[in-house]
Amino acid sequence: MENHITDTSQDLAQLQLDLIKKRKSTVAFSEQEVTKDQLNQLFEAARWAASCFNEQPWRFIVAQKSQEGLFEKVLNGINEHNQVWAKNAPVLMLTFAKKTFAKNEKPNMHYMHDLGLAVGNMSAQATAMSLYLHQMAGIVRENIQKDFDIPEDYEIVSGIALGYKLDIENVPEEFKLRETKERTRKSLNEIVFDEAWGESSFKN
Ligand SMILES: Cc1cc2nc3c(=O)[nH]c(=O)nc-3n(C[C@H](O)[C@H](O)[C@H](O)COP(=O)(O)O)c2cc1C
């Protein structure tokens, strides 16, 4: 039987928003392991994302630290600037997206969009599990192509570090400033318009 969530109370809506705001791109990962069951749950969240024509263009390569050779190979696909902190995460991923539709091989204009939705789902699920993702555009595509022989029709998109976050008192000095920096966002009236482009009745 399908499991319907019927509680649409304010509490649930507020909890969801709190979780969305709690997410952050940490650079201070704890050594605590993330289990295969937890990874399964995260990928299950990603799998249920919406996508254009239900193409589901997202693909992932994932390595746990215990898979030493594989972990090193994935780390090799991440640039030096990001490796400094990403190497401490217990899980590293690479993301890919199929550029054409399987049914007719026509270009899929929304492959990046849909991968983003899947990673967004994963990210929200991670926060509910007290885990944190840090996405990285800073990757080394040549290394990933060489090490994993990615099929031509797939874009190599990003890296992701995943794990638990260190409590602030345990964050190494080199990461402290970055980890405690205030997170900011554009205001609603800069991004949501109604009567005309640039005009907004929204405020936060
Ligand atoms: C597609 C994408 C690529 C990113 N690339 C990097 C990166 O290479 N290195 C990095 O340190 N952070 C990277 N970030 C993290 C952003 O800098 C971060 O999301 C942004 O500053 C907002 O901070 P927050 O995620 O903590 O809210 C990336 C985020 C996304 C979504």
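Just so it is clear, none of the values below were taken in a lab; they were calculated from the coordinates. Worth saying up front: this structure is predicted, and the values here are computed from it rather than measured. Counting neighbours? That spans all protein chains shown, and the Cβs are built from the backbone with ideal geometry, glycine included.
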Count - residues of segment 124-140 that are in a loop (DSSP other than H, G, I, E, B) and within 20 Å of residue 166 (Cβ to Cβ): 3
Identity of the residue in segment 13-64, of a type in the set (Gly, Ala, Ser) and part of a helix (DSSP H, G or I), that ends up surrounded by the fewest Cβ atoms within 10 Å (Cβ to Cβ): 13
Among the residues of segment 83-118, write down those that are under 15 Å from the mean Cα position of the chain (by Cα), within 11 Å of the ligand (Cβ to nearest atom) and either surrounded by fewer than 20 Cβ atoms within 10 Å (Cβ to Cβ) or not in a helix (DSSP H, G or I) (or both). 95, 112, 116
Could you say which residue among 121, 143, 204 is more than 14 Å from the chain's Cα centre (by Cα), part of a helix (DSSP H, G or I) and within 16 Å of the ligand (Cβ to nearest atom)? 143
Which pairs have Cβ atoms under 8 Å, sit 6 or more apart or on different chains, and link a residue in segment 181-199 that is in contact (Cβ under 8 Å) with a residue 24 or more places away in the chain to one that is within 16 Å of the ligand (Cβ to nearest atom)? 183/24
